[in-house]
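A quick write-up on the structure given underneath.
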Amino acid sequence: MRRRSVLTAGAAGAAALLVGGNSAKAATVRPAATLQPAAPGDMPWASASLRDLAARFGLRIGTALIPQDIQTPSYAAIAGSQFSVVTPGNAMKWQIVEPTQGVYYWSQADQLVNFAHANKQLIRGHTLCWHNQLPTWLTTGVANGSITSAQLRDLLHNHITVEVSRYRGKIWQWDVCNEFFTDASPSKLDPTNWWIVNAGPDIIPLAFQWAHAADPNALLFYNDYNIGGEDGTNAKSDAVYAYVKQLLADGVPIHGVGNQGHLDTQYGWNPALLRQDLERFASLGLKVAITEADVRTFVKDATSQVPTDNLAQFAQPYEYSEMLKAALAVPECISFTVWGFTDSDSWVPGFFTGEGYAGIYDVNQQPKAAYYALQSDLALGAFGAPRRVRTYTPFS
Ligand code: XIL
C-alpha cells in the first residue's frame, strides 16, 4: 500500500501548509524527526516544508520579515512553518532602533524576536554597521561637524553594545558590517563609504570586537553582495577574501561571511564560482551563509509581477536552485535565507525599476516554481536519489 506523504507545519499551532500535492486533503502534523524514508515510488517530501527537509542535514532555511506582514494570518502561517531562521528586514537597523538620539524603539525588533521564538526559529541579526538606514540625527550631526570622528566611533560602540546586549543569547548570527567593498575590478574597501570617510577603516575590526564583547556566543558575519560569482570577474569576492583573511590573522572575532545572493536574470552568472567562493571562505575556518537570496526579472507591472519574458519562468527558479545547490555542496554553509518570500513583500519593485517576480511565492502567497525547485533540491539532500526499483540492462 502506498503511504501518503505528510509532514508537520513545524511550530506548534502553525497551520500545516500543503504544497505540491493534493491541496484538497489536509496535512497530518508530524514532527520533522519522524519524517519517514520513501517507499519505492513514493514522494515523502511532496508536502514537506523547506525547514523540515533542510533540518535533516543541519541546514537552516530563512526569510527576512517585517512586523507588518506577520499580522496577516496566512502569511504568518507560511513564515512560521516553512522557515527555521528569521532575519528582521529592517527592524534592527540603527534608523529604526534609535530614531532620536538616546530614545530607543525596540517594538518592531521585539515582535520579530517573539515570533521567531514562538515558531522555534533562530534569528540572524541585521545589521550593525552599514552606510544605509542610519538615523538622521547621526548623519546630520556628522555632516555639520557637531559629531566628530572620535564621537562617531563612540556612538557606534554604544549602539552595538546596547543592541547586541539587549538580544544577547537570542541572536544566532549577526551581520556586523555590511557592504564595504567597491564593485569595480579590482575591488577594494570603498574609500567613499560613509563609515570609512567619517570613522576610518579600522571601524570594521572595532565593530566586530564590540559585538563580540556584547555577546561572545553570537556568530559574527561580514555580509556583502556580488561576492559569489555574480560579477563574473570575482574581483569583489577576491578582495573580501583577502580582507577577512587579514582580519583573522589579526585576531579579529569574525566567524562568517554572508553572501547576499541578490540575482537578476538579465545578467549571466556562474554558479560554480559561488560554490568556489563559499568553499574559499570556509577554508579560512569561517562559516558561510546565503543571507538575502532573491532572483529578479523584468515584469509587466509591479502589482501582478508577471515576467515580460516567458523564459524568466525557467531562469528564475533555475538560479534559485543553483544558488541552493552551491550552498548544499559546502558543509560550512549553515543557512540559506530568502529576502522576503512573496513577490508582494519583496523590496525589488521599489528599488529596481520595472523588475519584480523575485520571490519563491507569488503575489497571492502561492508557491512558485522556485519554491518547488528549492523543495526538490532539499529533498534530494534529505533522502538522496530514490533507489532504482528495477535494473534495466540494455542489450542483454
Ligand atoms: C532593504 C529592505 O528590504 C528595504 O525594505 C529597505 O527599504 C532597504 O533595505 N541589502 C541589505 C538589506 O543588506 O538590508 C537591504 O534591505 C537590501 C540590500
Karplus couplings for region 139-155 from phi (6.51 cos²θ - 1.76 cosθ + 1.60, θ = phi - 60°), rounded to Hz, Gly and Pro as x?
-> 5, 5, x, 5, 5, 8, x, 6, 10, 7, 4, 5, 5, 4, 4, 5, 5
FRET efficiency for Ser165 and Thr100 from the Cβ-Cβ distance with R0 = 25 Å, rounded to 0.05, comes out at 0.80
Distant-in-sequence amide H partners of Ser335 (H built 1.01 Å from N, under 5 Å) | Arg60, Ile290
C-alpha long axis of helix 73-82 to longest principal axis of the chain, angle in ° = 80 degrees
Sum of side-chain charges, Glu319 neighbourhood, beta-carbon under 12 Å (Lys, Arg +1; Asp, Glu -1) | -2
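Ranked highest first by the average count of other Cβ atoms within 10 Å around their residues, in what order do 341-349, 249-257 fall?
For the peptides 341-349, 249-257, the packing ranking is 341-349, 249-257.
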Probe 1.4 Å, protein heavy atoms only - accessible area per residue of region 247-396 in square angstrom = 46 Å²
To the nearest 10 degrees, the tilt of helix 107-118 (Cα long axis) against the first principal axis of the alpha carbons of the chain is 30 degrees
Give the Cα extents of region 89-192 along the principal axes, in whole Å, largest first.
-> 43, 37, 18
Taking 7 Å along the Cα-to-C-beta vector as the label spot, tell me the Leu248-Ser376 distance in nanometres, rounded to one decimal.
-> 3.6 nm
Could you tell me how many degrees, from 0 to 90 and to the nearest 10, lie between the Cα long axis of helix 369-383 and the main elongation axis, the longest principal axis, of the Cα atoms of the chain?
-> 80 degrees
Full-extension gain in nm, Gln266 to Lys300, via 0.36 nm per residue minus C-alpha separation = 10.7 nm
Which of rounded, prolate, oblate describes region 229-345, given a ≥ b ≥ c as roots of the alpha-carbon gyration tensor eigenvalues and a/c under 1.5 marking rounded, otherwise prolate only if a/b is larger than b/c?
-> prolate
With the label point 7 Å along the Cα-to-beta-carbon line of Asn310 and a cut-off under 19 Å to each amide N, the hits in region 352-396 are 369-370
Here FRET efficiency (C-beta to C-beta, Ser283 to Asp110, R₀ 35 Å, nearest 0.05) is 0.40
Counting only residues 5 or more apart in sequence or on a different chain, those whose built amide H sits under 5 Å from that of Asp294 are His262, Leu263, Trp339
Pair Asn217, Thr148: separation of 7 Å Cα→Cβ label points (nm) = 4.0 nm
Order these peptides, 302-315, 88-101, by their mean beta-carbon neighbour count within 10 angstrom, highest first.
-> 88-101, 302-315
Could I have the simple spin-label model distance between Leu189 and Arg390, label points 7 Å from Cα toward Cβ, reported in nm to one decimal?
-> 6.6 nm
What ratio of Cα Rg to 2.2 N^0.38 Å holds for the chain?
-> 1.01
Region 128-168 residues near the modelled Phe351 label - backbone nitrogen below 17 Å, point 7 Å along Cα→Cβ | 128-135
Under the rule of -39500 (n - 2.57) per DSSP H run of 4 or more residues, summed and divided by the residues of the chain, what mean residue ellipticity at 222 nm is obtained, to the nearest 500 deg cm²/dmol?
-> -10500 deg cm²/dmol
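In the chain, what % of DSSP beta bridges are antiparallel (nearest 5)? Intermediate values should be presented prior to the final figure.
Values: 6 of 41 bridges.
Of the beta bridges lying entirely in the chain, close to 15 percent run antiparallel.
The values are calculated or read from the model by the stated rules, or taken from the named source; none is laboratory data. Note that the structure is a prediction, hence the values are computed from the model and not measured. FYI the Cβ positions are ideal-geometry reconstructions off the backbone, even for glycines, and counts take in every protein chain you see. The area values use the complete protein model at the heavy-atom level, side chains included, leaving out ligands, DNA and RNA. Shrake-Rupley method; radii C 1.70, N 1.55, O 1.52, S 1.80 Å.
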